[in-house]
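Asks: Have a look at this one before I ask anything.
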């Protein structure tokens, strides 16, 4: 375990821009390659007032050098209009907000200040993200929609060490940061008119959830 900051990689903004371009390419390819693509039928999707999505979360690149963690999340999305902003294709936009939380645990044998060695101690971390995003949905077929979600987030991380010599090291620490730009990309696989399996990828999480359209 390292003691670096919980902030994301400086190169993540460039990766986000590339990902958004990739989303546009995928949408265009699917729209032209599917003979009966719903993307060409403006407004041909469920007219809903809210989307509620409980989710399971896998996170990599945790706080203070933790590798992988598991957790839970929830997302709510409120549509801004039924179809648009592009009038000639089947798309819509929504404001999304919620949270995702991940728990990390690892051995933290290490050497601290003054040569103090901590053996057999457990390190734990909790990482909580509170994103607010603009969700742009593209309804490619009657059963598949893809989306991109640019936005911002508040991140709160807490790290603790069990059996730690508190006279020499900080056994518990926390940090709250504002992330000015986040980007998620994903797909919704509709199992009925009002329920979909939703897969979402963004830095530093992968989530799988069930979306319920009200």
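Asks: If I take R0 = 45 Å and measure r between the Cβ atoms of residue 132 and residue 163 in this structure, what FRET efficiency does the formula 1/(1 + (r/R0)^6) give, to the nearest 0.05?
Replies: Taking R0 as 45 Å, the efficiency between residue 132 and residue 163 is 0.70.
Asks: Output the peptides 69-79, 173-183 sorted from most to least packed, where packing is the average of other Cβ atoms within 10 Å over each peptide's residues.
Replies: By packing density, highest mean first, the sequence is 69-79, 173-183.
Asks: Further question: What FRET efficiency, computed as 1/(1 + (r/R0)^6) with R0 = 41 Å and r the Cβ-Cβ distance, is obtained for residue 52 and residue 172, rounded to the nearest 0.05?
Replies: Once rounded, the FRET efficiency stands at 0.75.
Asks: Length gain on complete extension for the stretch residue 40 to residue 194, per 0.36 nm per residue less the alpha carbon to alpha carbon distance?
Replies: 53.4 nm
Every number in this text was worked out from the coordinates using simple rules, so none of it is lab data. Computed from a predicted structure; not experimentally measured. Backbone-built Cβ (ideal geometry, glycine too); neighbour counts: all protein chains shown.
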